[in-house]
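So the structure is just underneath, and the comments pick up after that.
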Amino acid sequence: MTENVLDIQDLEVSFKSDGKEVKVVNGISFSIGAGETVGVVGESGCGKSVTSLSIMRLIPSPPGRISGGKILYKGENLLDKKERDMRKIRGNDISMIFQEPMTSLNPVFTIGRQIDEVLLLHKNMNRTQARRKSIEMLELVGIPRAEQIYDSHPFELSGGMRQRVMIAIGLACEPQLLIADEPTTALDVTIQAQILDLMRGLKNKTNTAIMFITHDLGVVAEMCDKVVVMYSGEIVEQADVDTLFNDPKHPYTVGLLGSLPKVEEKQDRLFSIKGQVPPPGTVEKGCRFAGRCSHVMPRCTEEDPPLLKLKDGHDARCWLYDDQFKGKEAGARDTAAAGRKEP
Amino acid sequence: MTQPLLDVKNLKIHFPQRKGVIKKRTTYVKAVDGISFTVNEGETLGLVGESGCGKSTTGRGITRLVPVTDGEVRYEGTDIASLSKSELREQRKNMQMVFQDPYASLNPRLTVEDILAEPLKAHGVKSRKERRERIEKMMDVVGLNRKFISRYAHEFSGGQRQRIGIARALILNPKLIIADEPVAALDVSIQAQILNLLKDLQEEFGLAYLFISHDLSVVRHLCDQTAVMYLGRMAEVGNTDKIFENPLHPYTQTLLSAIPISNPRQQKERIILQGDVPSPVDPPKGCAFVGRCPKAHDRCHSDRPELQKMGEDHYVACHLYDQN
Amino acid sequence: MKQNEAKPYSPFRAFLAKFLKQKMAVVAFAVVVAIMFVGIFGSFFAPYDPHRPVTAQYPEKGIDLDQLTNTSVVLEGVMSDGTTVEGSELTRVQVESENRRIASVRQSQRGINVNANTSGFTNATVEAGEVSGVFQVVVEGESQFEGREAVVSRLEPVHPEGVLNEGEEFQIDVTAVLTDGTEITDRGEIHELALRLYETEEEEDTSGFNAPASNAEAIEGLHFQSLNEEVAAVDENGIVTITGEGEGIILVQTGPVKSAVHVQAGGTAEPVLAYLTISEPNVTLTDIYKHQPPSSVHLFGTDHQNRDIFSRVIHGTQDTLLIGFVSVAIGAFLGTVLGLLAGFYGRWVDSLVTRMTDVLLAFPGILLAIAVIAFLGAGITNIIMAVAVFTVPVFIRIVRGSTLALKEMTYVEASRSIGVKDPVIIFRHIFPGTLSVVLVYLTMRIGVAILIGAALSFLGLGGDITAPEWGSMLSAAKDNSGTVFHATFFPGLAIVITVLSFNIFGDGLRDALDPKLKE
Amino acid sequence: MLQFVLRRLIGMVPILFIITIISFLFVHLTPGDPIRIMYGAEIDQETYQTLYEREGFHDPLPVQYGRYMVDMLVHGDFGQSYRTRADVSEEVVRRFGYTAVLTILSMFWAILIGVSVGIISATKRNSIWDRAGMVSTITALSIPEFWFGLMLMQIFAVQLGWFPTSGSGTIWHLLLPSITLGFGVAATIVRFTRSSVLEVMREDYVRTARAKGQKERVVIWSHVLRNALIPVVTMAGLQFGFLIGGAVVVEQVFAWPGLGSYLIDSILSRDYPVIQALILLFSLQFLIINLLVDISYGFLNPQIRYD
């Protein structure tokens, strides 16, 4: 087994608002192996973006605070590192691309200068070397007339082009891990297809591990090897991509898949999860999904289920799969599977 | 053949932009540049396209929230584009809108009751009691708790707000709802709730929808008819199943292939387009899609393709299918 | 679902809760309310009539003029045996003021009566026979008392005890008591001080009101002199040698201050007068005819026409607030109406209004106001008009801006799509949306309006310069005397406190109503 | 770019034209009789008539306006002061330098203090420095300039004797007036800089810079400031106009012989030719300042292309 690039253990992140501290990420653990693409999916407010910023230690503080756990990068805990050492890792070992390509580039600097910046910081290059490497990177991400674009300003580029530039910046130092936080959400579907295609190609070329954060299950199915499903600050299920889409266990995952309209077939009616996501800090005990779950049992509102290991590499946080309920498991799975077609 | 509920013919919406030293040169953003389609009673037409293709402008042009440059918009035979201001206000009763952003489309300073009373007041329901009754009834219909009638809009979650928005649109009993990306801002699980609600309401009240969306899966799910727009023009119109199962226009084909499929076992070949959508200020002379089309030929550069019938309930604007 | 079961939301309560969190703003609001109260009712509790000199009002207020300008100090003689003599029993007493223009002194029943004439300071000497003492009189008012220094008030010699015999020597120890109460015992130091104090004495006074001869022959340093050489001789260090029998008197002198040391060489003798004590060696009086400094009678002092500044500041609150409120109210009303129309209807209405706004805003407010005054003439009404003229474009701009933003809000579009009439949309959706900005600016602009109004009055464009208006008060104070601090300080402070309160209150309002609002 | 400047210059012409009309009408619409102001109230009717004709007041207004424009544009003649009979243009030229020196030095203080304190306040947000800065700026904005000037004069000139109280001549004469004039603008710039920096610090591209591993110092000084200062420069430029307004008051306090005190003296004595000329001059100044601000904005912000 290869060593993991990233190992997150029991990570907790809290935010302070109105004098109260609320845990928005509540003890999550997962790992990303070398060259692996891990998708982190969940609806807005589930804590997926906070997790990614925590890895970079870029949580705005105050009000945010990493209140527990470990983030191991190649075995070293990033949370113990000094800010100075952390800076050497950012952009070099771990880099990040963001959702909004329109605002993530500094409007007053040229494209070239913004790629050079990261090379000059981490790679001991002089300006000429940096320029050469930057243009090379621009070509790599499929930007035509790279030399010319090198000297343009961000506002002269379209959203898709800017996201390519962001990827060029992210990959310039050949990082071990690329964190992509909803990189295609703001883009049109044809442009999204271009960017996803590009990222897949680059991943095969560079063997960079990717943490892919998104709310779009379709993108996950297409891009990722492994999937982590988050709900309200917790991991509710994780599995390899094939298992997750074809044999989901957690009622939330099942519901999420069921509520997706599909372009490839006509459905009469969508499955829908009732109610809405509880705001962080409002569920005091029991499973956070209990209030919306169609399989809710008395136990669910009393005890918070642990992340149960179902089989190798497939975990779900649900009492349905607790040993005591083994007998009912088959039945539950049937109903869950049925839910995807018709509630 | 019966008369369609809404009949749009050669609709053009151009926005002038002033340029030049003494402001004499005027260019036009051709947001919508000659499109035609119809919506039948009780039916849903999905208007799809990428951002900037003019689909939202079309919706706003039909309700005359933006001035129509040219063309006809007939609602039950009356040309909306030529109505006077007061006639238009009367006409608006029959045609209501639901907006994309459930946060921005409700005035944060008003309560649910105020918001829902507004259309009633504007159309002459004077009795407070009657208004209250109708509002409460409508809240039941869209699945809002009556107890929340005096709450402010911002106290609700996105899904609930969109229910308020739908209630506002329905309260005057219109026949046509123009829904401009009503689920784009919602999370997947909430989106499903609203889509189901829209379907239920259609069945209950026999509504027709003009459903504007960039999400093809949603359109496929909800719509009977689909119209694909590109750069202010219509690329392909027809029965939804036909379009999704047998897309003819290269753009429709690309669009469909670009949608990520939420099943890792069903991945497909993808058509990857080069380049970006050109500016609507200066669209190509021939086919709007010509610059990015993998199948473009000479004629596409010079002649603008018109919609041609390719089968029952299926039209496409592409020179590939020219008879000659 | 859970949050919906909380108690119903009220926008006003939410605003109040946010506002009350900002302590500074709450205090500022209290101050604003207090200032408005003063503005309305100030004229009823101002202690003096702001238009007349206070001296003319003292009789009606039952204040004795003499009490303010006169005082008496008690004079006592100290005998060589240490006993004291009351001032009335002293003989050959002469009192003299160095500068009678400032203060005059005369002997009275128990001591000395001091009478202030005009502001300044002077020394006065008291002589009783051989000995003399000095006290200072300070009359506060317009003049500044730079370089004022304490002088020697009395010299207290130590008398030898008992009877002395011929040939004995002793040294006279002297304590110099200064007018500010400090005591110096070291003879060298006294000498030094005296050298410094009385060095330039002679060339100083050219007024003709000069002190008597005893001062003219003032002696440098610390000086000793024996009146009976045959009994006792003294040298310049104050060492006394008894040379014969009898009574001797050694005079110790520095400047105009003299005391006597009684030397008894054999036999008995009556004690002699050794030195004079003055109960208050530093008398402070007030010049009541002009520029009285702040005191318990006049909290902020009086001005160049001897009017009570405190009362004038209180009265002036009304005019100042009037300028602020009325001008901003006019400006805000016109600006809001025009801004709403321009923003909502666009097209030519907008072009016309914005063109006008741009031209007006291209000028700094004060110049625009000056131009309006130049056109209309000076006067408080015209100041209000002038300030209103430059307030209008400010409101047009902010209301138009926020109208444009609100017009783009989907909920306005939604209303239009429903078929709601334009006026209803403006009043129901747009105007309430601009209200928070308008309220915030209203508060902030009142501060600016007061500042500009004051500046205009200060420049003399307010018309009546004698009016109790803060700006004109400053203008008059500045013109009449550049050196009186209190006359300019207090009216200015009133402006600062008022404007500051409005500004902080406005800041708090803004944070509570609309934290995104930019300045 | 050139086209843009040209267009703006052309655009200024109608505004200036309107201003000349306004300033011309000044004499004719304001209460008070120019002849009596010029030659005294006591002159008899006959002399009055002669003078009235000689000064050209009998011509119709358009003719007079034409003469006024020709004098001004062709001969550069702004007339004579009613009060001193001196040539207005000469006097204006003489005084212009004084006002220019005063405002420029004030602007220097204002920018120096304003920008640096603003940056410190923003980067050390909510610290004691930030709070102190905010309290002192709001106080500064509440202090009337003329009073602040009088207080400075009291303390530093009268009591401590470090500076001359008023007048002109040396650099020391300039110090107190320029500080008085600059402190209000400094406070405005502090607040503006602070909010601008804070706003930029929330931008996504600042997060990008941090994610690159850039040092916080470089993030602030290069990524944040470059963007944050663009609006600050614009604002500071516009404040120039307000400095000229403030100069009117401050010059009066310190007896500084600039255009401001000239204006006030002229208004108080109804010296219309001078007021006319000064209104024109001030208007022109503001138009030019606004133009320069717009142009500089384009140099700083690459996104602006003048077309």
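To the nearest whole percent, what portion of all C-alpha pairs in chain C is separated by more than 37 angstrom? Cα-Cα pairs in chain C separated by more than 37 Å: 55 percent. Diffusion coefficient of the protein assembly as shown by Stokes-Einstein, Kirkwood radius over Cα pairs, 10 °C, 1.306 mPa s: 40 µm²/s. Cα centroid separation, segment A:165-206 to segment D:193-232: 25 Å. Please compute the net charge surrounding A:Phe30, taking Lys and Arg as +1 and Asp and Glu as -1 over other residues with Cβ under 12 Å from its Cβ. Charge balance in the 12 Å sphere: -4.
Considering only D:Leu150, B:His301, C:Ser295, the residue lying farthest towards the positive end of the dipole of the protein assembly as shown is B:His301, judged by Cα position with unit charges set on Cβ. Of the complete DSSP H runs in chain D, those spanning 27 angstrom or more by Cα along the long axis with a mean Kyte-Doolittle score not below 1.6 are D:2-29, D:272-300.
Is segment B:35-188 best put as rounded, prolate or oblate by its Cα gyration tensor, with a ≥ b ≥ c the root eigenvalues, rounded for a/c under 1.5, and otherwise prolate when a/b is larger than b/c, oblate when not? Here segment B:35-188 falls in the oblate category.
When the P(r) is computed for chain B, the part past 37 Å accounts for 21% of the Cα-Cα pairs. Eigen-decomposition of the gyration tensor built on the alpha-carbon atoms of segment A:101-172 gives equivalent ellipsoid semi-axes of 18, 12, 11 angstrom, largest listed first. In plain terms, if you count all Cα to Cα distances in segment A:8-78 and split them into 10 Å steps from zero, the share in each step is 19, 53, 24, 4, 0 percent. Accessible area per residue was computed with a 1.4 Å probe on protein heavy atoms; B:Ser56 scores about 40 Å². Of the residues D:Ile18, D:Ile120, D:Ile289, which exhibits the maximal mean-square fluctuation in a Gaussian network model of chain D defined by a 10 Å Cα contact cut-off? Of the options given, D:Ile18 has the highest mean-square fluctuation.
Along chain A, the exposed loop sites are trypsin sites (Lys or Arg not before Pro) outside DSSP states H, G, I, E and B with at most 11 other Cβ atoms within 10 Å, and the longest stretch free of them is A:146-284.
Derived value for chain A: Kirkwood hydrodynamic radius 21.3 Å. Basis is the mean of 1/r over every pair of different alpha-carbon atoms. Helices assigned as whole DSSP H runs in chain C whose Cα atoms extend at least 30 Å along their own long axis and whose mean Kyte-Doolittle hydropathy is 1.6 or higher are found at C:23-45, C:431-458. Counting Cβ atoms of other protein chains within 10 Å of each Cβ in C:445-454 and taking the mean gives 2. Starting from the Cα gyration tensor of chain D, take the square roots of the eigenvalues, sort them a ≥ b ≥ c, and report rounded, prolate or oblate (rounded when a/c is under 1.5, otherwise prolate if a/b is larger than b/c, else oblate). It is oblate, given that a/c is not under 1.5 and a/b is not larger than b/c.
Once D binds C, the 1.4 Å probe can no longer reach about 3500 Å² of accessible area, counting both sides. The residue list D:Phe254, D:Gly182, D:Ile120 was ranked by how far each Cα lies along the charge dipole of segment D:88-300 toward its positive end, using unit charges on Cβ atoms, and D:Ile120 comes out on top. Farthest toward the positive end of the dipole of segment B:183-279, out of B:Ser217, B:Ala184, B:His249, is the Cα of B:His249, where the dipole comes from beta carbon charges about the Cα centre. Relative to its Kirkwood radius, the Cα radius of gyration of segment A:206-324 gives an Rg/Rh of 0.97. Oblate is the label for segment A:1-123, because a/c, from the alpha-carbon gyration tensor with a ≥ b ≥ c as root eigenvalues, is 1.5 or above and a/b does not exceed b/c. Starting from 0 in steps of 10 Å, tell me what percent of the Cα-Cα pairs of segment C:305-513 lands in each bin. The distribution over segment C:305-513 is 9, 30, 29, 18, 9, 4, 1, 0, given as percents.
Residues considered: D:Phe24, D:Phe192, D:Phe156. Largest GNM mean-square fluctuation over chain D, using C-alpha springs under 10 Å, is found at D:Phe156. Among the residues of C:114-126, the average count of other protein chain beta-carbon atoms within 10 Å of the residue beta-carbon is 0. Estimated from the Cβ-Cβ distance and a Förster radius of 41 angstrom, the FRET efficiency linking C:Leu195 and C:Ile63 is about 0.35. For chain A, the 222 nm mean residue ellipticity estimated from helices alone, with every DSSP H stretch of n ≥ 4 adding -39500 (n - 2.57) and the total spread over all residues, rounds to -10000 deg cm²/dmol.
Between D:Thr170, D:Thr123, D:Thr188, the GNM of chain D built on Cα springs shorter than 10 angstrom shows D:Thr170 fluctuating the most.
The values are calculated or read from the model by the stated rules, or taken from the named source; none is laboratory data. Not measured: the values here are computed from a predicted model. Every residue, glycine as well, gets a Cβ built from its backbone with ideal geometry; the counts of neighbours run over all protein chains shown. The protein model used for the area step is the full one, side chains on, heavy atoms only, and it has no ligands, DNA or RNA in it. Shrake-Rupley method; radii C 1.70, N 1.55, O 1.52, S 1.80 Å.
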